[in-house]
Amino acid sequence: MGSGEVTSHTDSASEGIDWLKTAKHIISAAEFVEREKVLILVKFDGERENGRICTVDIDGNGNDSLNLRSESRDLQGAVSNAFPLAPAIDETEARALGDILMRWDGWARAGYVLGLQIFWNGESVFYSVYVLGERGAFERIGVRGSALLDVMIESARQVEART
């Protein structure tokens with residue numbers, strides 16, 4: 001990808017993903033954080049050589065029974081095992097998030113590293129996103145906030161603006 005252009009890559013690991021359901025699991029992760037006061041990292045690592053580019057890491061914050069690390073070829077497999085679906089999820093938010101997650105997947109398969117941290121800040125659930133360009137193609141992007149969809153939309157806007 002020499003000129004900074006981001007292309008959408010798909011392979012057999014990303015073709016069958018139900019991005020709406022995957023987004024619902026990510027939204028459910030926030031409820032898990034609020035209930036358990038844990039730290040969650042969802043990472044797409046496009047620089048990995050083993051094909052397992054998606055990682056879900058739960059730091060139980062002192063509760064070892066909540067600790068989890070899962071690596072997978074696709075995000076749906078990683079999050080569906082970690083976070084049961086919450087009972088009430090806003091479909092509009094889930095669809096918008098699913099679209100962004102699909103774009104993140106394509107960027108990771110093109111060599112980018114993207115991470116979403118979900119954590120309890122002492123008062124509420126908070127989100128932090130980082131994006132590293134393909135092997136230093138651009139400065140690190142960092143977006144933080146208290147609304148998941150806003151943070152994800154802004155991260156995608158910044159990636160697209162720099163490529």
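Bear in mind that the values in this text are calculations on the coordinates, not laboratory data. Small disclaimer: the values here were computed from a predicted structure and weren't measured. Cβ coordinates were reconstructed from backbone atoms using ideal geometry, including for glycine residues, and neighbour counts include every protein chain displayed.
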Task: Inter-probe distance in nm under a simple model that places probes 7 Å from Cα toward Cβ, at I153 and T92 - done: 1.0
Task: In degrees, nearest ten, helix 19-36 long axis to first principal axis of the chain (Cα) - done: 40
Open item on the list: Quick check on region 85-143: take the gyration tensor over C-alpha atoms, sort the square-rooted eigenvalues as a ≥ b ≥ c, and tell me if it's rounded (a/c under 1.5), prolate or oblate.
Closed with: oblate
- [ ] Once you've got the GNM for the chain with C-alpha springs shorter than 10 Å, pick whichever of I17, I118, I27 has the biggest mean-square fluctuation.
- [x] I17
Open item on the list: Rounded, prolate or oblate for region 9-163? Axes are the square roots of the Cα gyration tensor eigenvalues, ordered a ≥ b ≥ c, and the cut-off for rounded is a/c under 1.5.
Closed with: rounded
